Structure formats: C-alpha cells, structure tokens
Amino acid sequence: MSVEVDVLLQEAKESIEAAQNYRSELQQRLHGLNQARKQIRGSSGQARETLRKHFAELQAAATRLLAERLANLLTEVDTIEADSIKPLDDCQSLIEHGVGQADELLREGEAALRCGLGEKEDKLGSFTKKAMHIQLDSLPEVPALVDVPCVSAQFDDSLLSLLRDRVARHGAVSSHPPVQIEELQERPGSILVRWCKVDEDFAAADYRLQYRRSGSGGSQYEDTYIGRESEFLVLHLDPHTDYLFRVCARGEGRTEWSPWSIPQTGYTTLAPHEWRSGTEGYILSSRKNIALRNDSSQSRCPVLYSKAPTYFCGQTLTFKISAAGQMDRRDSLGVCIDSESEEESLQRDQAVCISTNGAVFVNGKEMTNQLPAVTVGSAVTFDMEVVSLFPISNNNTSEGGNFKLRVTIGSGNREVVFDWLVDQPVDCLFFGCSFVHSGWKVLVF
C-alpha cells in the first residue's frame, strides 16, 4: 500500500512540476504577446505622428510656394501695367495741354471777331501769329489698341494632374523594414554587428548603421557606418554597458533611406585591447588603443606590449596601420606568450609575428611563405584556435611544444595558415609591436 502511495506522490510531484513549467512557459508567451502588441501599437502611433507631421510640413511648404509664386506673378502684372500706362499718361498730358491751347486760341479768335474796327486789325494779327506758333496741323500719335498690352494670365493645365499623380505615390507605409540586424557578437571593447535583407525584392545600394547607449534619456543615435558591407565592427564601447543598434538601407537609384530595423540590444564583457603605458619610444592615444613610434634608434628596437593578455583564441585580433615610417626587417606585429622578454623584436621564441616587409616568423624562425608588405591602410589580422593537446612526458618536452594552436595571419588579400607549438597550455595571449624607425602608427582592436 505504501509503495502505491509513494508512486502516486511521485506522480503528483511530477505533475505539479510539469504544471509549474507549463504555467511559466505560458506566462513567457503572454509576455511575448504583450511585447508584440506594444511594438505594433507603439510603431503605429509613431507612424501616424510621422505622417501627420510630414504632410503638415508639406502642406505648409506648398502653401508658401504657391503664395510666393502668386506674389511674383502679381508683381509682373504690376510692372507691365506701370510700364504700359506711363507713355499713355505722357500722351494724355500732351493732348490735354494742346486742348487747353486750342480753347485759349478759340476764345481769342472769337474776341477778335467781336471787337470794334479800330482794334480788329491788331487783335486779328496777334491771333494769326499765335495760331501759326501753336502749329494747329500737328497732332500727337495715339497708339492703336492692338499696339498696347492686353494683360492676361495663363496656366499649365497639366500641373494639377501631375501633382495629383505625384501626391498619390508620395510616401509609403510598410509593416516590416527591408533589413534587420542578424547578429551582435562581442569583441574586446567593441561589438561586431551583422545584418541581412529580409525583403528579397529590395535592391540595397547602401546600408546605414547607428547606435547609442541604452537607457540614456538624452542619448541620440549616431551614425557609425554607411556603405555596402553587411557587417561592421563598432569600436570604443565600454564593457558591461548596453547599447542599442539599428540599421536601414537605401535602394538602388534612390536618395531616401528605408525604415529603421527593430533596435537590438548588445553589450561586450571583454575589456578593450590596450597598449602598455610607459614604453620608451611610443606615444599612446587617450584610449590606449593607438600607438605612435615617435623616435628612431638604429641601435635599439623596443617592443611595445599589450597592457594585459587580452587576446583569446577564437577571436580576431586586428592591427590597422594609419601611418607608416621607413621599413626595417626587424619590425614586427604579432602575439606572444609573455611580455617580459628583453628581446628587441617579436621575432623570438614563444611568439608569432609579421614584419613590415611581409615576412612571417614563428618562434623566431622565418617561414618560406610571405605576405604583402605592410603600408598605410593595411589591416593585419591574427586568428587562432586550439587544435590539440599533447601529453606531457619526460621524453618529449625537449622536442618542442605540447600545445598546438592553428594560426591564420591575414594581410591584404592573402593569408598564411600554420600550426604553432607552445610549451604550455594558454587561453590568453599578449600582443605587441616593434618598429626601428619612427612614424609608424598602429590601431589595435
């Protein structure tokens, strides 16, 4: 009997646990539904506000443009009217002056005819002289109606139909943006952002990536990349800090950008790569990720190491050359097990590196394979992965390493792949550089 009770109790416990898990899963789905509903309603509200604002601005701009055009046309009418009326006014003044002279002459002539015989000869003589002076046969020319302006206004009847057609196609409402963020991958002091098209019919010419700190009320999105690539490494990020990322695209032959993707939150737990302060011959940037070789010494080639072993296998380490000095075969860019060596180059044991002339060194020995020479704009990358562990024994320690790393060094459009044997298992490595001559400037990320 007790066995049956125990079985029933066990089944009851399992059922209760299953019910709890089921309820938890349902609650999570309810939360997901609420988030989806919130996104739909929130984005719809924003879209309405954007549409109202845009069309209000468009309407105000159109009203302003029409008012300006009307004012210009009315000014043209005023100018034509003023310029055309002035000669008519001048002609009218001349005619009115002639009418006044003729009236005065008529009065004098009638008076001369009515006067007595004694005065008639003098007055008639004076009247005759005055009539000859006025030139009664000279009349001003009045323009015919066909020769004076007849002002009218004309309009292109197609404007309204064109406007109606353009307005009917102006603006669009979409339920999904054509591009979405696909992956956020943490890197030391940075995040690699990858995105992809979700609308296969959309032909993208350029992409635009923005980011901002999450939870900062006054923080605004800022552009970090515009181009044709579908991934970008966002640098100079603070570890353990949430950042929001969004991306949009611009279609072929278009000037406007598509709607933004749904913002995605990302953060990095990895400390940024930094150069070590205080190394002779180098000046560091404020973030300590850029080093400048600032003096030149033929007798000594100091190595600048990283502040800490922040390079982990499975990551990509990049050296970006932003300024170049004179090459020397002793120059080096690479990674190493330790940073206490007194050697003046990374061309030594327990290190792999590339020289500025493209030569590759493993534990101080030059490989036969060679990469392109390092110049301004070059990006040298190091990728490493653990291949195998060898058992340690007294018989094989003298033969070399017991820990194998597969190393890929890339420069330009070429790369070299080889296995690096080291004496002890390592999960993190130092990086470093050395230059004989001044002028070299290196960004590490």
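Numerical summary
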{"quantity": "Residue that is most open to solvent (accessible area, probe 1.4 Å), among those in segment 188-219 that are within 30 Å of LYS307 (Cβ to Cβ) and among the charged types (D, E, K, R)", "calculated": "ARG213"}
{"quantity": "Failed criterion for LEU159 (all others in (1) surrounded by 11 or more Cβ atoms within 10 Å (Cβ to Cβ); (2) modelled with pLDDT of 75 or more hold)", "calculated": "(1)"}
{"quantity": "Within segment 220-240, tally of residues that are open to solvent by 30 Å² or more (accessible area, probe 1.4 Å) and more than 13 Å from ARG194 (Cα to Cα)", "calculated": "11"}
{"quantity": "Residue count for segment 247-284, restricted to those that are out of contact with any strand residue (DSSP E or B) (no Cβ under 8 Å at 6 or more places or on another chain) and free of Cβ contacts under 8 Å to residues at least 24 places away in the same chain", "calculated": "3"}
{"quantity": "Top-ranked residue of segment 1-53 - restricted to ones that are closer than 20 Å to SER261 by Cβ and of a type in the set (Val, Ile, Thr), ranked as surrounded by the fewest Cβ atoms within 10 Å (Cβ to Cβ)", "calculated": "ILE40"}
{"quantity": "Those residues of segment 248-261 which are exposed (fewer than 14 other Cβ atoms within 10 Å of the Cβ) and in contact with a Ser or Thr (Cβ under 9 Å, 6 or more places away or on another chain), in sequence order", "calculated": "none"}
{"quantity": "In segment 358-380, the residues that are free of Cβ contacts under 8 Å to residues at least 40 places away in the same chain and open to solvent by less than 60 Å² (accessible area, probe 1.4 Å)", "calculated": "ALA359, PHE361, GLY364"}
{"quantity": "Close pairs from segment 201-215: first under 28 Å from ASP238 (Cα atoms), partner acidic (Asp, Glu) and assigned to a strand (DSSP E or B), Cβ under 8 Å, at least 6 apart", "calculated": "ARG208/ASP223; LEU209/ASP223; GLN210/GLU222; GLN210/ASP223; TYR211/GLU222; ARG212/GLU222"}
{"quantity": "Looking only at segment 417-445, and only at residues there that are surrounded by fewer than 23 Cβ atoms within 10 Å (Cβ to Cβ) and touching a Leu at 6+ places or on another chain (Cβ under 6 Å), the one that is nearest to SER322 (Cα to Cα)", "calculated": "LYS441"}
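The values are calculated or read from the model by the stated rules, or taken from the named source; none is laboratory data. Note that the structure is predicted; figures quoted are calculated from it, not measured. Note: ideal-geometry Cβ built from the backbone for every residue, glycine included; neighbour counts use all protein chains shown. SASA here: full protein model, heavy atoms, side chains in, ligands and nucleic acids out. Shrake-Rupley method; radii C 1.70, N 1.55, O 1.52, S 1.80 Å.
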